[in-house]
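Here's the structure we're looking at; comments come further down.
The values are calculated or read from the model by the stated rules, or taken from the named source; none is laboratory data. Every value quoted in this text rests on a predicted model; they were computed, and no experiment measured them. When we count neighbours, we look across all protein chains shown, and the Cβ atoms used for this are built from the backbone with ideal geometry, even at glycine. Only protein heavy atoms, including side chains, enter the accessible area calculation; ligands, DNA and RNA are left aside. Shrake-Rupley method; radii C 1.70, N 1.55, O 1.52, S 1.80 Å.
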Amino acid sequence: MDIRLPMAAATVDERRAVDRILGPPTTGWEGGERRRVDGHVATGGHAARARRHLLLPVLHALQDDIGGISDGALGYVCERLTIPPAEAYGVATFYGLLSVSEVSPTVIHLCDDIVCRTSGAKELFTALADAIGPEGSSDGTRTWHRSNCLGQCDAAPAAFVQEAGVGRRVVVRADLDRLAAGPIDGRDPAYAAIGDAVLTARFGAPDPADLDAYRAVGGYRGLRRALEVGPDAVIAIVEAAGLRGRGGAAFPTGRKWRAVADEEATERYVVCNADESEPGTFKDRMLMERDPFSVVEGLTIAGHATGATKGFIYVRGEYPDAEDRLRAAIAAAEAAGYLGDDVLGSGFPFRIEVRRGAGAYICGEETALFESIEGRRGEPRAKPPYPTTVGLFGRPTAVNNVETLAAAVAIVAEVPGAADTKLFCVSGDVDAAGVVEAPFGVTVRELLTVAGSSHPPQAVLFGGAAGRFLAPAEWDVPLGYGPPSPPMGSGAVVAFGPGVDMDDIVQRIAEFFRDESCGQCVPCREGTVRQDETLRRLVAGADERGLLDEIAQVMRDASICGLGQTAAEAVSSAIALGLVGGAR
Amino acid sequence: MTGRRTVEVDGTAVAIEPGATILDACRAGGVDVPTLCYLETLTPANACRLCSVEVEGSRTLVPACSRIAEDGMVIRTATDRVRHARRMILEFLAVAVDLTTAPELLEAMAVYGADPSRYGTDDGSPRPDAVVDNDLYVRDLDKCVLCYRCVEACGDDAQHTYAITIADRGAAARVATEFDVALPDSACVFCGNCVAVCPTGALMVKTEFDMRVAGTWHEEAQTVTRTVCGYCGVGCNLDVHVQDGAIVKVTSPFDHDVTAGNLCIKGRFGWTHVRAGVDGA
Ligand SMILES: Cc1cc2nc3c(=O)[nH]c(=O)nc-3n(C[C@H](O)[C@H](O)[C@H](O)COP(=O)(O)O)c2cc1C
Ligand code: SF4
Ligand code: SF4
Ligand code: SF4
Ligand code: FES
């Protein structure tokens, strides 16, 4: 492939950022010094294109070090990896945390999603607009944008700050002073358990990245047992426990692992989906921050069970602390022989690589996640073929949610209560927002009671933005997989108190989907826009329930992926319950 | 994967070859399924969803253009759900983009009773102007339905030039060059193979664009003559469109088994000299 590069050249700093990931160029063809021999021998081609999966890490490096991606820098990236500049531009512009239009030393992403906007985010906008200028403008060093849910709902309002050359940081209970300050030292993790604490048992550990401490409380017992009994038996154990995926789709985990194990293939992958971006959801972040080894151990067990020798953890770009903890845990596990060419002397080779998301909710969809790791726009693929047959890099792949893997560890390690526990994220109008671990059969009302609420909420959203608002009668329904329980979704429970403007909340959910649609298919790309607009008219008093129903139906029926298929759930349920618009 | 399969399309059994899509099956059974992003010569982009049909046992509708038909599948193409989806997709497109040079879509709108007027007029998004940055073809993104055809034709499916991409996300997604540079500054080689596959006139050769603006484009008064390009030994087929004794556009037949509708800059655009000196061109 001949590629035509932009005229502008990369600066020394930009080249350094790229080389930090790719190593220095070795020939003139890659943008290095042109030697005599380069006139006679061409390099690049397939070898360079096989490194396409490094595109996102390289773009991250430029964003991290420089604060944006210039045309010259993108040209150098394309030269290094033999990627047409238009394609690389298409990838860079897909992701919210990468900027091709501006280079800014500091970018503040302030959450204005459903929880933060009822917890002071709106006032903070005004303050920021006064201090810096309108959204998207710059005061020379800082620029700010509104953000969708940052997964910090237990300490709202939240902000995520990118500082070029310094790093990324999260600011919780944000105000102007805290935004300006440097990194803020740990906050107390907010969690509780009804019944046995299985998944949250280690959340209080003083140093979650301390391998010895992890082992001292039963860590890596699961992997040892897995290596003893062998892949078939592990899958049978997970199947017998009835473990279902905690990422939203509730697919039986054992069946997924068996499907991958049974594929005839020379290479397979396991992927941990740590892109948690569902509004109101923060359990996966908490697991990674407070118990990173359980995620690493879980992915290792999944790799062993499915016959994969390589695992990826795709962690949300707005979760710097979780990423750091995971990297530390992986390094410690490698040093101690829990990862590597010969895991615990069993002859099973397994390694884990961490990949960072770049600000796109859709990349939590498993096939969009593959595209993202492969260095492309995060557009979901058509299914079938399913990931268990054609997944990451075209190979059979098992994708599992963070909590699913942690639960699998407990199940294989025979921890009492392991098969009967679920993490819920309780936030909004409660006294103590946080993760609540509870056995199946718990009710929303019980969860709210644990989190402490002095008055009954006027509305409860269950399962995230892709979930739905529950009628008060449903607050007493035992939660589980299948009726009468409402769909579990991400396990988020967001309570809205009497004072909250529900029109505003439901409108915000419609905006969320409009904003996060990948734009690939017409029902979702256009449907989410029409839903947002039509809802606005309904809120203003027009009776648009019929049209909203029709929009909902085509999104549900004809969208490619789960985003479009569920984008009307919350809005429809709010209308049905009379929470929004003229129907009240 | 050998042996023929049988599927049921709207109640009638249809025999198909392995690997055939639902769309192939429907066509073999004489059932019309509308398509937009699909084109025989390109990989299915699976994006417009206009071809949605019902398949027994499937929770959602299924895109006929790209789903491989399986033995025993029961397919329904004329149910209320299917008609609803198609009508809504057409309405969505008509609200968002200018379909005046997409006659097939306008026809489909009539068939499915699409009424874009019921969405109000509060679509605040600014409508882009046509971009005229070169002498050969024009891009009018206000007419773009994001079918991905041009990107595929420029890239993996035909030209392998990769001058254009889909940039941005969601409702902001658009066809673009890197950093939105003008086409002459991009990798574009002006083969016009993107123009050839565009279903809505969002990409249009400059001659046609100018004549439409001037009100002098009269397709009904044009003749199309098939001939062979004389520029090089490849010998691509040309369809020469002539109006009032002058060439107004050159295309190439999609059903040609070698060139599949593609040409290079010479064959598609190198004809203005034909009338040099006749009308002062
Ligand atoms: C729009 C969208 C976003 C998603 N986001 C996530 C996510 O952030 N984390 C996750 O585990 N699963 C997410 N999923 C579900 C995944 O596609 C997939 O089902 C899941 O990761 C499988 O793991 P599990 O079986 O362990 O649940 C998302 C799905 C959709 C459609
Ligand atoms: S449903 Fe939405 S997010 Fe999913 S593929 Fe279609 S446009 Fe993209
Ligand atoms: S310009 Fe034409 S071919 Fe390209 S995506 Fe738009 S409508 Fe499709
Ligand atoms: S169109 Fe181009 S490639 Fe085809 S015959 Fe003419 S000059 Fe040759
Ligand atoms: S024609 Fe099938 S999705 Fe467009």
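Residues in the stretch A:119-131 that are open to solvent by less than 30 Å² (accessible area, probe 1.4 Å) and without any contact (Cβ under 8 Å) to a residue 24 or more places away in the chain: A:Phe125 only.
The single residue among A:Val234, A:Val260 that is in a helix (DSSP H, G or I), touching a Pro at 6+ places or on another chain (Cβ under 7 Å) and under 17 Å from A:Gly303 (Cα atoms) turns out to be A:Val260.
If the condition is being at positive phi, in a loop (DSSP other than H, G, I, E, B) and within 8 Å of another protein chain (Cβ to nearest Cβ), then the stretch B:168-191 contributes only B:Asp168.
Would you confirm whether or not the stretch A:508-515 contains a residue that is within 24 Å of the chain's Cα centre (by Cα), closer than 15 Å to A:Leu579 by Cα and small (Gly, Ala, Ser)? Yes, the conditions are met somewhere in the stretch A:508-515. Against the conditions (1) open to solvent by 30 Å² or more (accessible area, probe 1.4 Å); (2) within 16 Å of ligand 3 (Cβ to nearest atom); (3) more than 14 Å from chain A (Cβ to nearest Cβ), where does B:Val234 fall short? Just the number, please. Unmet condition: (2).
Counting the residues of the stretch A:276-305 that are touching a strand residue (DSSP E or B) at 6+ places or on another chain (Cβ under 8 Å) and open to solvent by less than 10 Å² (accessible area, probe 1.4 Å) gives 16. Do we have any residue at all in the stretch B:266-278 that's closer than 17 Å to B:Thr41 by Cβ, in the same structural domain as B:Tyr162 (by TED's automatic domain parsing) and more than 16 Å from ligand 5 (Cβ to nearest atom)? Checked against the condition, which is being closer than 17 Å to B:Thr41 by Cβ, in the same structural domain as B:Tyr162 (by TED's automatic domain parsing) and more than 16 Å from ligand 5 (Cβ to nearest atom), the stretch B:266-278 yields at least one hit.
Conditions tested, residue by residue: (1) within 16 Å of ligand 3 (Cβ to nearest atom); (2) touching a Gly at 6+ places or on another chain (Cβ under 8 Å); (3) open to solvent by less than 40 Å² (accessible area, probe 1.4 Å).
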| residue | (1), (2), (3) |
| --- | --- |
| A:Val506 | no, no, yes |
| A:Gln520 | yes, no, yes |
| A:Pro523 | no, yes, yes |
| A:Thr528 | no, yes, yes |
| A:Leu547 | no, no, yes |
| A:Glu550 | no, no, no |
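Scanning the stretch A:9-43 for residues that are in a loop (DSSP other than H, G, I, E, B) and more than 26 Å from A:Phe94 (Cα to Cα) yields A:Pro24, A:Pro25, A:Thr26, A:Thr27, A:Gly32, A:Glu33, A:Arg34, A:Arg35, A:His40, A:Val41, A:Ala42, A:Thr43. Taken together, B:Arg49, B:Arg86 contain a single residue that is in a loop (DSSP other than H, G, I, E, B) and within 11 Å of another protein chain (Cβ to nearest Cβ), which is B:Arg49. When B:Glu91 is tested against the conditions (1) more than 7 Å from chain A (Cβ to nearest Cβ); (2) more than 16 Å from ligand 3 (Cβ to nearest atom); (3) open to solvent by less than 10 Å² (accessible area, probe 1.4 Å); (4) more than 24 Å from B:Asp140 (Cα to Cα), the lone failure is (4). Looking across the stretch A:100-118 at every residue that is farther than 29 Å from A:Ile505 by Cβ and open to solvent by 20 Å² or more (accessible area, probe 1.4 Å), the one that is nearest to the other protein chains (Cβ to nearest Cβ) is identified as A:Val100. Tell me yes or no: at least one residue of the stretch A:520-532 is among the aliphatic types (A, V, I, L, M) and either touching a Cys at 6+ places or on another chain (Cβ under 9 Å) or not in a loop (DSSP other than H, G, I, E, B) (or both). Among the residues of the stretch A:520-532, at least one is among the aliphatic types (A, V, I, L, M) and either touching a Cys at 6+ places or on another chain (Cβ under 9 Å) or not in a loop (DSSP other than H, G, I, E, B) (or both), which makes the answer yes.
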